[in-house]
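Below you'll find the structure, written out as structure tokens, and then a few comments.
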Amino acid sequence: MNPLTSTVAVLGGGAAGFFGAISCAQANPHLTVYLLEKTGKLLSKVRVSGGGRCNVTHACDSPTQLAQHYPRGSKPLKEAFRQFAATDTVRWFADRGVALKTEPDGRMFPTTDSSETIAQCLLEAARQAGVKILTNTAAEKIEPLAPGGFRLLLTGAHAQEMHVDRLLIATGGAPKSENYQWLRTLGHTIAEPVPSLFTFNVPESPLRELPGVSVPNARVRVAGEKLEYEGPVLVTHWGVSGPAVLKLSAWGARRLHDLHYQSTALVSWVPAHTEESLRQWLHEFRAQNGRKVVTSNPLFGLPQRLWRTLTEQASIGAEIRWSELPAKAQNKLIESLLRTALPVRGKTTFKEEFVTCGGVVLGEVNMQTMESRRVPGLYFAGEVLDIDGITGGFNFQAAWTTGYLAGRAMARTL
């Protein structure tokens, strides 16, 4: 094969596609690398991520620690992260003049707080590497050729027949099973797609009068299931959200789908306490603060509005002091603090930042090189794989890593 005429095509103009194309072109300057995007928009998810700030990655020093944040793909990714992890992402952007900063919760953003910084960096890196970008261009048909390579039938702005030696698919996740049919046709098995990273709809919420109230640390669990997560919780107009709910939805994506998003979420507003320790704590507090009015003096740092609602649900009158609180009312308050029951009736997905659980089964991909075990010369990167992380920059890190490995591997084999 003549390296001067070898051609690589990358399908998908998102994070994984760009990283794959750039890595491939940089590793082997003799290649012609095309990046094909079926829409007119490049890096659209990068631009909307993190409220327009772009949560590039997460501060994790070790591949093992990093891999623990992926409900799907954790074990195979551990080996991939040994080749390109979060520290490598930070270095990659720093080498191109983009500094990242770490927030207290570990999320990493560009110091400019603008996702456009990341998008422009990737566009410029692709330009410098010589990547040829074709927008409004889709691969309508993909046909493996003997003895190797692929024939692509392109439609759209650059309609033509293209023959390529290596093909990287980085088309992202899709919410519907039929969107993956073309990959099944190529010989791959698809883990059925279901939503991940969503909020809970609670139309009959006991907290419906409290939209905007947030608690920095609460525990959310699904009654009757081994599903729970601890972290910030936000009360919304439609139910509950916040990192604890989003991360719980990621870990429980398949089970919650099986339950048709109908369940009871139990929220503990005091996750450091068991029932026994909370009861003891309140016993000691009452002994020292008997004259304080219960409803107007929030405990445990809880917001006043939330505390007032919890005390009202425990049938505690507005003027009742701790010394006068009946045992029955205290028991109700303890129950509300430890297990506020929210009847979940559906979900709400973040439209711009949706994440799909499902995609190409990882057992059919060599996770060291991202090459298909079914079709030689075919590679995968990003959310088209059955990989998804919890919120916090982990999905982008998987995109950078898998794109990098695929790009380098394609360059080495040509």
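Read-outs: derived from the displayed coordinates by stated rules, not from any lab. Please read all numbers here as calculations on a predicted model, not as lab measurements. For neighbour counting, all protein chains shown are included, and Cβ atoms are generated from backbone atoms with ideal geometry for every residue, glycine included.
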Can you give the charge dipole size of segment 198-349 about its Cα centre, rounded to the nearest 20 debye, using +1 on the beta carbon of Lys and Arg and -1 on the beta carbon of Asp and Glu? 100
For segment 237-254, Karplus-derived ³J(HN,Hα) couplings (6.51, -1.76, 1.60; θ = phi - 60°; whole Hz; x for glycine and proline) come out as 4, 9, x, 9, 9, x, x, 4, 6, 4, 5, 4, 5, 5, 5, x, 3, 6
Debye equation applied to the C-alpha atoms of the chain, log10 I(q)/I(0) at 0.08, 0.12, 0.13 Å⁻¹: -0.51, -0.93, -1.04
Starting from the Cα of residue 226, step 7 Å along the direction of its Cβ; do the same at residue 280; then give the gap between the two resulting points in nm. 2.9
Segment 128-184: Cα Rg divided by the 2.2 N^0.38 Å rule of thumb: 1.25
What's the angle, to the nearest 10 degrees (0 to 90), between helix 275-288's Cα axis and the longest principal axis of the chain? 50
Answer check: segment 106-258, Cα atoms, Kirkwood Rh, Rg/Rh ratio of 1.10
Would you please state the base-10 log of I(q)/I(0) at q = 0.09, 0.21 1/Å for segment 198-349, with intensities from the Debye formula using one equal scatterer on every alpha carbon? -0.29, -1.30
For residue 141, list the lysines whose Cα falls under 30 Å from its own Cα; do not include residues on the same chain fewer than 8 positions away. 38, 41, 45, 132, 176, 351
Reach of residue 332 by Cα under 30 Å, taken over lysines that are not fewer than 8 positions away in the same chain: 226, 247, 292, 347
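Using the 10 angstrom Cβ neighbour count as an exposure proxy, how do 307, 182, 251 rank, fewest first?
Numbers: 307 22, 182 15, 251 18.
The order, fewest Cβ neighbours first, is 182, 251, 307.
At a Förster distance of 51 Å, what's the computed FRET efficiency of residue 155 paired with residue 272, Cβ-Cβ distance as r, to 0.05? Please list the in-between numbers first.
On the way: r = 58 Å, r/R0 = 1.14.
That pair, residue 155 with residue 272, gives E of 0.30.
Work through the residues other than residue 254 whose Cβ is under 12 Å from its Cβ and net out their charges, Lys, Arg +1 and Asp, Glu -1. List each step's numbers first, then the result.
Working: positive: 72, 255; negative: 192, 225, 258, 386, 388.
Around residue 254, the surrounding residues sum to -3.
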If one puts a single equal scatterer on every Cα of segment 302-356 and applies the Debye formula without solvent, what log₁₀ I(q)/I(0) results at q = 0.14, 0.27, 0.30 Å⁻¹? -0.52, -1.10, -1.22
Expressed in whole Å with the largest first, what are the equivalent ellipsoid semi-axes of segment 223-309 derived from the C-alpha gyration tensor as the square root of 5 times each eigenvalue? 31, 15, 10
Could you work out how far helix 327-339 tilts from the main Cα principal axis of the chain, as a 0 to 90 degree angle to the nearest 10? 10
Cα centroid of segment 18-88 to Cα centroid of segment 273-288, whole Å: 48
Could you give the size of the charge dipole of the chain about its Cα centre, using +1 on the Cβ of each K and R and -1 on the Cβ of each D and E, expressed in debye and rounded to the nearest 20? 260
Taking only Cα atoms of segment 1-149, what ratio of Rg to Rh do you get with Rh as the Kirkwood inverse-distance radius? 1.00
Cα long-axis angle, helix 115-129 against the chain (0 to 90 degrees, to the nearest 10): 20
